[in-house]
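Below is one structure, written out as structure tokens, with a few remarks after it.
Quick note: the coordinates plus some simple rules give every number you see, no bench work behind them. The structure presented is a predicted model; accordingly, all values stated were derived computationally and were not measured. All Cβ positions, even for glycine, are placed from backbone atoms using ideal geometry, and neighbour counts span all protein chains on display.
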Amino acid sequence: MVRAGIEDIGIYIPRGYVSLEKLAQARGVEVGKYTNGLCQEGFAFPFSNEDVVTIAANALENLLLNDSIRLEDIGRLLVATETPLDCSKTIGNYLAGLFDIPTDCEVYEVKHSCIAGTFALFDALNWLRSGQNDGRKAVVICTDIAQYEAGSASEPTQGAGAVAILVSENPKLLSIDSVTGTATKDCADFWKPLWSDTAMVNGQLSIDSYLEGLRLAFEDYEQKGGNTQFDYCVFHNPFGKMVKKAYKTLSELLPELKGRFEEKTAQSLAIGRTAGNAYTASLDLALASLLLHEGERARGKSVGMFSFGSGYSAKLFRGTVEGKLRDITLPTRVELSIEEYDNMRSGQLHLEEHEGFLLQRIDERGYRYYTKAGN
Ligand code: CAA
């Protein structure tokens, strides 16, 4: 079987930032509930001229800082999102225009709540393993802006971010095993009707479903003979406390994990603690956080990875770290006051980003136009 996996990762987190300490004070909630209870510090909140296309483009631009990547080598560009802008035109088609992606590159979008990025990743891996890739590579982009009703219990678990993952037969970062454990059920834990800007959540049910999905996916993985030796464990990260609960659940199934959260998982929470939930991108941001922190120490070590998408579907898989992730510096944050954040949400205030890819305008028929700062 072809050895395949992740060759490199690019990241983008919108610079606008909301502090949970200040949000708790403004909402009349004890600060400890958000910081210690959810284990979060804040969340990324996009400026008025940013959207899932611009943050995806910025993540791809970050990936392309690796100058060994040539656009003509990309044969597949998959975009995963659960917060799309259009039911028809894909984010990938906008990216094809912004980056001069070759016309023979297959571009399509994958939707399946937060697990869509993992399904896109395995689609890319299967394409490589099938040998139908003509020596070319795939790019998987996960891009989301997570928002809930202002003042709701879910609000502190908002967030935003994008990752661009180069998937190839030269997995310099992480080679990925072909065995996966899967769990799927019909569940009313979380959904977003087409008429709503924000997701609907049955909070406790979503937590219970995530943990049930983890147990069932693990059992399926074990039954299929998947390797359960995990030096590190990374999880879909809607908020830090959820990952702590997930680690505890996995330790009940794999007793050798007990009491080793700090060593095996804690470092994966770094980016998510201030970016918040980036839905499809959150698992890969967790992986990137871990790899950035561990550096050379991680080489040769195994990573158990758990992906969860509400509705629900879950997947457990395993990779081996093949090398160090290049240094990635995230752009400086710009803290928004709670008044600015509230007014931006209600459309009364427009604050603009001036760096990277930007939404230029939306015409009267809803068509979106993009530009890059400085162009
Ligand atoms: N000091 C310290 N801790 C405190 C506290 C205080 N003053 N007050 C409360 N807490 C603790 C609580 O004990 C609780 O901790 P435990 O779970 O360990 O008991 C924690 O803070 C949260 O408190 P609540 O359970 O009362 O919180 P809530 O019900 O008001 O809201 C939530 C929490 C359900 C996660 C809500 O934020 C939500 O609905 N978020 C969106 C849904 C979500 O992210 N679900 C995750 C699984 S689904 C998924 O992963 C897919 C996805 O990406 C969305």
Length released on extending from GLU106 to LEU205, taking residue separation times 0.36 nm less the Cα-Cα span: 31.9 nm
Sorted peptide list for 35-45, 354-364, 136-146, criterion being average Cβ within 10 angstrom, highest first: 136-146, 35-45, 354-364
Shape call, segment 281-375: gyration tensor on alpha carbons, a/c limit 1.5: prolate
Packing-based exposure ordering (other Cβ within 10 Å, fewest first) of ARG333, ARG365: ARG365, ARG333
For segment 108-202: span of alpha carbons on each principal axis (Å, largest first): 50, 27, 24
Cα-based Rg of segment 203-271 normalised by 2.2 N^0.38 Å, two decimals: 1.08
Alpha-carbon radius of gyration plus Dmax, which is the widest Cα pair, for segment 1-154 in Å: 18.2, 58
Environment charge of LEU359, counting only residues whose C-beta is closer than 10 Å and scoring Lys/Arg +1, Asp/Glu -1: -2
Relative packing of 128-135, 2-9, 277-284, which averages over residues the other C-beta atoms within 10 Å, highest first: 277-284, 2-9, 128-135
Mean Cα-pair separation over length for segment 208-272, i.e. relative contact order, pairs under 8 Å, 6 or more apart, %: 37
Estimated D of segment 132-264 in µm² per second, where Rh is the Kirkwood radius over Cα pairs and Stokes-Einstein applies at 37 °C, 0.692 mPa s: 187
For the chain, diffusion coefficient by Stokes-Einstein and Kirkwood Rh (Cα), 37 °C, 0.692 mPa s, µm²/s: 159
Expected 222 nm ellipticity per residue - DSSP helices of 4 or more, -39500 (n - 2.57), all of the chain, to 500: -9000 deg cm²/dmol
Stokes-Einstein D for segment 1-84, Kirkwood Rh over Cα pairs, 25 °C, 0.890 mPa s (µm²/s): 153
Added length on full extension, which subtracts the Cα-Cα distance from 0.36 nm per residue, GLU219 to LYS33: 63.7 nm
Most fluctuating residue given options ILE176, ILE115, ILE69, as computed from a GNM of the chain linking Cα atoms under 10 Å: ILE69
Counted charge near CYS39, where neighbours are those whose Cβ lies closer than 15 Å (Asp, Glu -1; Lys, Arg +1): +2
Estimated inter-spin distance, ARG368 and SER130, nm [label 7 Å along Cα→Cβ]: 2.9
Net charge of Cβ neighbours under 11 Å - reference SER178; Lys, Arg +1; Asp, Glu -1: +3
